[in-house]
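Asks: My questions will all concern the structure given below.
Throughout, read-outs are computed from the coordinates displayed, never taken from laboratory work. These numbers come from a predicted model, not from an experiment. Every residue, glycine as well, gets a Cβ built from its backbone with ideal geometry; the counts of neighbours run over all protein chains shown.
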Amino acid sequence: MKSDETLDCYGLMCPMPIFKTANKIKDVEIGKVLEVIATDEGIKKDILSWCNTTGNELLDIKETNEEIHVFIRRLK
């Protein structure tokens, strides 16, 4: 999946990936896609709740080796 912006949260533990995502999404244009790269397994559950709460769209979660790639479309 193609992203417009990338946020590197490699090695960060909960709640930092969500905290950094919340800050970074403000810099992403509405309709564009943010890719978050993380290693904390908790992001898979937390990002869904965060998207539901903030009104952004969770497009996909892909896992490669130790990395988790989360794709979010900014809707608001």
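Asks: If we keep just the residues of the stretch 33-46 that are closer than 17 Å to Glu66 by Cβ and in contact with a Ser or Thr (Cβ under 8 Å, 6 or more places away or on another chain), which is surrounded by the fewest Cβ atoms within 10 Å (Cβ to Cβ)?
Replies: Step by step, filter the stretch 33-46, then rank; the result is Ile37.
Asks: While we're here: Select from the stretch 8-28 the residues that are farther than 15 Å from Thr54 by Cα, part of a loop (DSSP other than H, G, I, E, B) and not aromatic (Phe, Trp, Tyr) and list them in ascending order.
Replies: Those that are farther than 15 Å from Thr54 by Cα, part of a loop (DSSP other than H, G, I, E, B) and not aromatic (Phe, Trp, Tyr): Gly11, Leu12, Met13, Cys14, Pro15.
Asks: Next question, about the same structure. Can you spot a residue in the stretch 10-32 that is closer than 15 Å to Thr64 by Cβ, touching a Leu at 6+ places or on another chain (Cβ under 8 Å) and hydroxyl-bearing (Ser, Thr, Tyr)?
Replies: no
Asks: Yes or no: Glu5 touching a Phe, Trp or Tyr at 6+ places or on another chain (Cβ under 6 Å), acidic (Asp, Glu) and surrounded by 14 or more Cβ atoms within 10 Å (Cβ to Cβ)?
Replies: no
Asks: Mind counting the residues in the stretch 19-32 that are touching a residue at least 40 places away in the same chain (Cβ under 8 Å) and either surrounded by fewer than 16 Cβ atoms within 10 Å (Cβ to Cβ) or among the small types (Gly, Ala, Ser) (or both)?
Replies: Selection size over the stretch 19-32: 4.
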